[in-house]
Amino acid sequence: MASKVIKGGTVVTADLTYKADVKVEDGKIVEIGPDLSGDTVLDASGCYVMPGGIDPHVHLEMPFMGTYSTDDFESGTRAGLAGGTTMVVDFCLPAPGQSLLEALTMWDNKSTRANCDYSFHMAITWWGEQVFNEMETVVRDKGINTFKHFMAYKGALMVQDDEMYASFQRCAELGAMPLVHAENGDVVADLSARLLAEGNNGPEAHAYSRPPQVEGEATNRAIMIADMAGVPLYVVHTSCEESHEAIRRARQQGKRVYGEPLIQHLTLDDSEYFNKDWDHAARRVMSPPFRNKQHQDSLWAGLASGSLQVVATDHCAFTTEQKRTGLGDFTKIPNGTGGLEDRMPMLWSNGVATGRLTMNEFVAVTSTNIAKILNIYPRKGAILVGADADIVVWDPAKEKTISAASQQSSIDYNVFEGKHVTGLPRFTLTRGEVAIDDGAVKTREGHGQFVAREPYQAVGRALSTWKELTAPRKVERSGIPQSGV
Ligand code: URP
Ligand code: ZN
Ligand code: ZN
Ligand code: ZN
């Protein structure tokens, strides 16, 4: 296959910044050094050559709240590539009672249209012997090492604590990692009902129904349950100081707990919900909701200090028409916002350009840390010989004003509309193919491949049976004298 040389740029990784050319062939990085030659030259002068972004949290064509999120694997990954993201991780969501493997076949079918590589997290949306058994196949045969648990969305996706504890134990013995959407779904349901009864039915009530305490409580609970199950924990869409504080403290105590702020929470605040235009506010309804500046400052500090490791989007895009299902009842507004195309330019403009993050930290939180946490490093998230040639050639001088009129996403608005960004891809390469060429979109539907992820090491763990898990067991009372108990 013909080779390409990315010439004259500065390589920026999570650790290093240095001048070098990068040669790619057959989808891989084959050489890094001075004065390389190849069949095609991509001019990277004035640019940074970085590992392509990985978005670990997207929902493409997701069945949710009576509808489907509008961006699918084709438009979603095209949007990602336009903004420098070369891999996404979606959530396979079995319907209650549905086989995990059957759901996975549905996700396999949807994802054939992807323009870039992708992987899946498996959601635990119900609990029983079948789920317990299929988790083993999912980890051992299907290349999925992460299981998502929704602590919110009562009556739909929410899992109970006993189910979560059992599932976390199963994760521990399989070498998998649980993820949590950490909000106390019982409290949210109660607050929502009360707000509606009092006549508060607009989008701002969505924010009132999900205060930071519901997130802080659930994050703490999930951390403690994970600790008792002996498993690491990944907290998705960490939006507030209460949740960040719990993660920070757990890490200080030596627990492997990861936190994932979203670009939306970092850059948009809760004043958006008080916009008099119902559509404007409803388009920004997501869970957890946007927070005030104090919470935003906490998230930025966490990224700089390392107590938070990853920036994602939770891209779950609904059209205005879909959002209008919730006119007169905020609990029916489909929850979710877009951001795949804008994550890296918004983070660069609001983080690197302002001095809040270094370039190397930018690479870490948009790519390398994610690859390490998801166990796909250094195939992804690296500029190293042998790594996949998922590369963004980043032009720090390129500017644009974000607008729905020019975006790749299929929805009719953009939550970042009117924001001016400086720093955009000159080229985005997905496994060596140029998908974005100085603004021109050259994506290829179906180019994306599933990335299997190996289990984490589960040292000395034996697999239990469903019977053992559900039978009454002797409690281990660590540190407590056993005699007389
Ligand atoms: O509001 C959100 N975040 N929608 C997508 C589903 C989820 O909770 O991540
Ligand atoms: Zn060749
Ligand atoms: Zn969520
Ligand atoms: Zn999500």
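The values are calculated or read from the model by the stated rules, or taken from the named source; none is laboratory data. What you see is a predicted model, and the numbers here were worked out from it, not measured in a lab. Here Cβ is always computed from backbone atoms with ideal geometry, including for glycine, and neighbour counts include all displayed protein chains.
Note on segment 137-178: residues that are touching a strand residue (DSSP E or B) at 6+ places or on another chain (Cβ under 9 Å) and either acidic (Asp, Glu) or assigned to a loop (DSSP other than H, G, I, E, B) (or both) amount to 12. Of the residues in segment 362-384, at least one is of a type in the set (Phe, Trp, Tyr) and out of contact with any Asp or Glu (no Cβ under 8 Å at 6 or more places or on another chain).
For segment 52-71, the set of residues classified as of a type outside the set (A, V, I, L, M, F, W, C), assigned to a strand (DSSP E or B) and touching a strand residue (DSSP E or B) at 6+ places or on another chain (Cβ under 7 Å) consists of 53, 55, 56, 57, listed by residue number. Determine whether residue 27 is within 16 Å of ligand 2 (Cβ to nearest atom) and either surrounded by fewer than 19 Cβ atoms within 10 Å (Cβ to Cβ) or under 17 Å from the mean Cα position of the chain (by Cα) (or both). Answer is yes for this residue. Residues that are over 30 Å from residue 362 (Cα atoms) and in contact with a helix residue (DSSP H, G or I) (Cβ under 8 Å, 6 or more places away or on another chain) do not occur anywhere in segment 71-92.
Of all the listed residues (1, 87, 62), the sole one being away from ligand 4 (no atom under 16 Å from the Cβ), among the hydrophobic types (A, V, I, L, M, F, W, C) and at pLDDT 95 or above is 87. When the helices (runs of 4 or more DSSP H) confined to segment 309-397 are screened for residues that are under 26 Å from residue 26 (Cα atoms) and either within 16 Å of ligand 2 (Cβ to nearest atom) or small (Gly, Ala, Ser) (or both), none reaches at least 2 such residues. The residues of segment 418-448 that are out of contact with any helix residue (DSSP H, G or I) (no Cβ under 6 Å at 6 or more places or on another chain) and of a type in the set (D, E, K, R), listed by number, are 419, 426, 431, 433, 437, 438, 442, 444. Scanning segment 273-294 for residues that are away from ligand 1 (no atom under 16 Å from the Cβ) and assigned to a helix (DSSP H, G or I) gives 274, 278, 279, 280, 293, 294. Among the residues of segment 463-485 satisfying the criterion of being more than 19 Å from residue 227 (Cα to Cα) and of a type in the set (Ser, Thr, Tyr), which is modelled with the lowest pLDDT? Result: 483. So for segment 207-224 (the condition being surrounded by fewer than 20 Cβ atoms within 10 Å (Cβ to Cβ), more than 16 Å from residue 183 (Cα to Cα) and modelled with pLDDT of 95 or more), does at least one residue qualify? Scanning segment 207-224 turns up no residue that is surrounded by fewer than 20 Cβ atoms within 10 Å (Cβ to Cβ), more than 16 Å from residue 183 (Cα to Cα) and modelled with pLDDT of 95 or more. Filtering segment 323-347 to residues that are away from ligand 4 (no atom under 16 Å from the Cβ), crowded, with 24+ Cβ neighbours inside 10 Å and among the hydrophobic types (A, V, I, L, M, F, W, C) leaves 330, 344, 346, 347.
Taking first residues from segment 224-238 that are in a loop (DSSP other than H, G, I, E, B) and partners that are basic (Lys, Arg), the Cβ contacts under 7 Å between residues at least 6 apart in sequence or on separate chains come to 232/256. Looking at segment 437-451, I want the residues that are under 10 Å from residue 111 (Cα atoms) and have a partner that is hydrophobic (A, V, I, L, M, F, W, C) and surrounded by 14 or more Cβ atoms within 10 Å (Cβ to Cβ) with Cβ atoms under 6 Å, at least 6 apart or on another chain. Which pairs are those? Here the result reads 448/114; 448/116, each pair linking segment 437-451 to a residue that is hydrophobic (A, V, I, L, M, F, W, C) and surrounded by 14 or more Cβ atoms within 10 Å (Cβ to Cβ). Against the numbered list (1) at pLDDT 95 or above; (2) not in a helix (DSSP H, G or I), residue 77 comes up short only at (2).
Taken as a whole, segment 32-50 holds at least one residue that is surrounded by 21 or more Cβ atoms within 10 Å (Cβ to Cβ), at pLDDT 95 or above and assigned to a loop (DSSP other than H, G, I, E, B).
Pairs meeting the criteria (first residue in segment 43-54 and touching a residue at least 24 places away in the same chain (Cβ under 8 Å) and polar (S, T, N, Q), second residue outside any strand (DSSP E or B) and surrounded by 24 or more Cβ atoms within 10 Å (Cβ to Cβ), beta carbons under 9 Å, at least 6 apart or on different chains) are 45/9. Of the numbered conditions (1) touching a strand residue (DSSP E or B) at 6+ places or on another chain (Cβ under 8 Å); (2) within 24 Å of residue 51 (Cα to Cα), residue 369 fails exactly one; give the number of that condition. Checking residue 369 against (1) touching a strand residue (DSSP E or B) at 6+ places or on another chain (Cβ under 8 Å); (2) within 24 Å of residue 51 (Cα to Cα), the one that fails is (1).
Inclusion of residue 104 among residues that are within 16 Å of ligand 3 (Cβ to nearest atom) and either charged (D, E, K, R) or surrounded by fewer than 24 Cβ atoms within 10 Å (Cβ to Cβ) (or both) is not warranted.
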